[in-house]
Each structure stands twice: as C-alpha cells, then as structure tokens.
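Heads up: the structure comes next, in structure tokens.
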Amino acid sequence: MLNDTPFLAGRSGGPYEETTTKPESENSVPDEEMSNDEYSALLSKLNEDIYAQSVLLSNLGKYINSWWKSFESVGGTFTTEKAMASAYEWLEKNSDYTEADITKNHSDIQATYKKFIQTDNNDRLLLDVAERLKQQYTNYTEYFSLVTTPGGDRNSFVADYNKYTQNISSSYETIGGLLE
C-alpha cells in the first residue's frame, strides 16, 4: 500500500550526474564564490524545488500504482509506455501540470544542482546542509526515475515509492529547519 504522506501542490524539476573530480584544464569553470546568505538561499531553493517536484511525482506514483493494480486485476500486461500515457493524461485532467512541466522542472533542478556543486562555501553548518542536500538529490533522482519509468513488479515499485517519499519528506523538513 502506498504511503499517504500529505504533500502540498507545487512546481519544480531532475538527474544531474555529479562528478567527483573537476577538469584541470585552463578552460575549466572555477568554483563560484558566494556569500553565506547567497549560498543558503541556493540550498533553500534546491530543497524547495526538489520537494515541490516530489509532490508531483508522489501524485503520479499513487496514480500509477492504482492503474497498475487495476490492470493486473483484469489480466492486463503492464508496460511502462501504457502506464505513463495514462498517468500523464490523468495529471493533465486533474491539475495544472503536464508531462512537459515534469520534464522542465526536472531540468531546472538539474541546473540548480549543477550550480550548487560548483559553488564553494566554508561555513560548517552550510557544509552539513550541503551534504544532506546531496543525499536528498540522490533520493530525488532515483524517485524521478522510479515514477517516470516504472517497471519490474508492483510490490517493489510500492516499496521504493514509500522509501523515497519518506526520505525526501524527512530530509526536506530537516534541511529546512537547519536553514532557518
């Protein structure tokens, strides 16, 4: 059964692959320096955007689970394409969002995350928040992939859905509290 963690409506956006090394060429982009207030605002924006996008993903995930369960009950064969077509159709009918919004929000989060990892800061609290936000981003990208390309078996989908929903919600609250 899917977790009923309440989410508020919102807009946001997905995966940017973090690298652990930076190019050492003369053409590489230097790390951006920001004041603590600017860095804190960037962390807060990323936290809010990830959470808002996870709201949309949560709603899609709940719909996909219901659709999948109904489809199985009549002996239908689950396919990602059928599930997503139905889910995006449902989303458009029941909200102000479309598949294009989900994709754009995902791209926006990737861009913000890229800016975040290219920025240096030495404040101990903000560095702790940054590490938590990296883990939240990882959870978000896995959640995005799970919901937008569902497959495997429904029980695994539900278990992973619940895990990511809980992790992102909990992390959002913790990071928000630390940034206050």
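The values are calculated or read from the model by the stated rules, or taken from the named source; none is laboratory data. Not measured: the values here are computed from a predicted model. Neighbour counts are summed over all protein chains in view; Cβ atoms, including those assigned to glycine, are modelled from backbone coordinates with ideal geometry. Ligands, DNA and RNA are excluded from the accessible area calculation, which covers all protein heavy atoms including side chains. Shrake-Rupley method; radii C 1.70, N 1.55, O 1.52, S 1.80 Å.
Taken over the range 56-117, the percentage of Cα pairs per 5 Å bin, counting from 0 up to the bin with the maximum distance, is 3, 16, 24, 19, 14, 11, 7, 3, 2, 0.
Under Stokes-Einstein, with the Kirkwood radius over Cα pairs standing in for Rh, what whole-number D in µm²/s applies to the range 65-180 at 10 °C and 1.306 mPa s? Intermediate results must be reported in sequence, preceding the final value.
On the way: Rh = 16.3 Å.
Taking Rh from Cα pairs, D becomes 97 µm²/s.
Placing a pseudo-label 7 Å from each Cα along the Cα-to-Cβ vector at residue 33 and residue 154 gives an inter-label distance of 5.7 nm. Once the Cβ-Cβ distance of residue 41 and residue 135 is raised to the sixth power relative to R0 = 25 Å, the FRET efficiency obtained is 0.80. Averaging 1/r across all pairs of distinct Cα atoms in the range 32-84 and inverting the result yields a Kirkwood radius of 13.9 Å.
The label point for residue 81 and the one for residue 124, both projected 7 Å from the Cα toward the Cβ, are 5.6 nm apart.
Across the protein chains, with a 1.4 Å probe defining accessible surface, the residues 124, 154, 132 rank 124, 132, 154 from largest area downward.
Counting only the Cα atoms, the range 94-153 fills a convex hull of 116 Å³ per residue.
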